[in-house]
Structure formats: C-alpha cells, structure tokens
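See below for the structure under consideration.
Throughout, read-outs are computed from the coordinates displayed, never taken from laboratory work. Here the structure is a predicted model, which means the values were calculated and not measured. Cβ placement follows ideal geometry from the backbone for every residue including glycine, while neighbour counts extend to all protein chains displayed.
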Amino acid sequence: MKDPRESGAGFWRSLRMGDINSAITSMKGNPSAQQIAFIRSQMKQQRRPEVLGTPLNQLETVVFDLETTGFSHQHGDEILSIGAVRTLGKTVIEGECFHIIVNGGVTVPEHITALTGISQAMVNNAVSLMEGLHDFMAFAEGKVLVAHAAGHDRAFLNAALWKTSKVRLTHRLLDTMMLAEHLFPGRSDYSLDNLLQEQSIPVKGRHDALCDAVMTARLWAVYLEEIQNLGYAETLGDLYVYLSGA
C-alpha cells in the first residue's frame, strides 16, 4: 500500500496531527476559497508586538526548509516540498513535525530528482501548491519561523503565497545563518553542512526538507543556548536588537 504521506493525503495528515475536524473537512474536500481565507487570516495575526517580550527559553518556533526546482522563482522555479519541526526554547519537538510534497505545475529537473529524491511521478500525485501552503500555515500558526539562509525560503514562500492567495509572508522569520555570522564573525563558510559539522550535529538525509528542518532546528537550539550563555539576549526582542547590531 502506498504511504499516505507520499501521496499527501490531507485526511491522514490532519488525523496524524490530531486535528479530526480538519481531517473530516479534508475528506469532504476543502474549497480553495476557504484555504485562501485561512491563509489571509494567518497573515493578519503574525506581528503581535507582545511576542517580542517572550523569554527565549519559552519561545515557540517552527523551523522549516523548502526543496525547490531551482534557485529562481522569478524564472519559474517552484516549491517541491516543505518540511518543518516545532521547537520550544532549546528543545526540538521531533514528534511534532510536518512534511509534504506539492504540485506547483512544473517539471522536476533530473538533477533535482537526483539531489532530493523527489520524482516527477511523486509531484504528479501530490497535493496542490495551495493545499500544501494551507496545511503548512496551519502547522506554523502563531509561531515564529526559523530557517537557514532564510532569504531563499522567504522569497519562494512569498512568490507562492502571492500566486495562490495574493498575500505576502508576515511571520517573524529568524535565520540560523545570520545567527552564525554574528556569533562567529569572519568565517569563510556559513553553509548548513559546514555549521552542522562544526557543532558535531550528525548529517542525515540532506536535501530532504524534513531532515534538513530537523538538523537546522538542532543548530538553532545550539545557537540559542550560546546567545543566552553569553548574555546577548533573554527575549525575542533582545535577539532582534542583537542581530541588528544596535
């Protein structure tokens, strides 16, 4: 039997995450208008100023990664998969994870299949980009986002959100590469592979969106502890001040 996760079946994905109402809705079919309304509602709720006072050891984040068909959304590249995991302070909650393959209506280049393991057949059988974004936004609801080299992920999410829902990402977004640049200035290589090696974090399943998200989350936890031990920041607001260089 085919693994429901590979087919992106919304019913099983929602049920696995404990949301029976979403599971039933998915089984009945979820109109795109409702998905658009939900995404737009999420974009309106993400900039609450009181979040800045959250102590870092109580901060809830969703660390995520995207696999894409290439590096340029301006030239037609699209999201292929989204992987994410939740954290609470320095704790990576690996049991609360998200992984989905989406169909953005483009051909998967052979070299991307070789890199990510995502085939054209997998994409053809996947959920729509709209449904994938809807489910990811539901998973990330109310959380600060974290990614490595986050500019790439922000650009692709913004392009996908605009294409499907005519909105832009409004979530607070932190970048583990930027944290590394502040904590360890002057390095020549801030790639995820190099930083994972420096911190003795095992590298497993690179270029699988969920595996990359989990490894990035472990890196985030290490950096968060370092920042607190050095006294650079105690709250999310402090962290933004530190990263701004003020």
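Data for the structure
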{"quantity": "Helices (runs of 4 or more DSSP H) fully within the range 61-158 counting 1 or more residues that are under 21 Å from residue 195 (Cβ atoms)", "calculated": "110-116"}
{"quantity": "Condition met for residue 103 (more than 20 Å from residue 156 (Cα to Cα), surrounded by 14 or more Cβ atoms within 10 Å (Cβ to Cβ) and not aliphatic (A, V, I, L, M))", "calculated": "no"}
{"quantity": "Residue in the range 159-171 that is farthest from residue 38 (Cα to Cα), counting only those that are in a helix (DSSP H, G or I) and hydroxyl-bearing (Ser, Thr, Tyr)", "calculated": "164"}
{"quantity": "Filter pass, residue 143 being more than 30 Å from residue 41 (Cα to Cα) and among the basic types (Lys, Arg)", "calculated": "no"}
{"quantity": "The range 108-124, residues that are under 18 Å from residue 83 (Cβ atoms) and of a type outside the set (Gly, Ala, Ser)", "calculated": "108, 112, 113, 115, 116, 118, 122, 123"}
{"quantity": "Residue in the range 179-188 that is under 24 Å from residue 49 (Cα atoms), crowded, with 21+ Cβ neighbours inside 10 Å and touching a Phe, Trp or Tyr at 6+ places or on another chain (Cβ under 8 Å) present", "calculated": "yes"}
{"quantity": "Among residues of the range 150-206, those that are aromatic (Phe, Trp, Tyr) and within 28 Å of residue 137 (Cβ to Cβ), counted", "calculated": "2"}
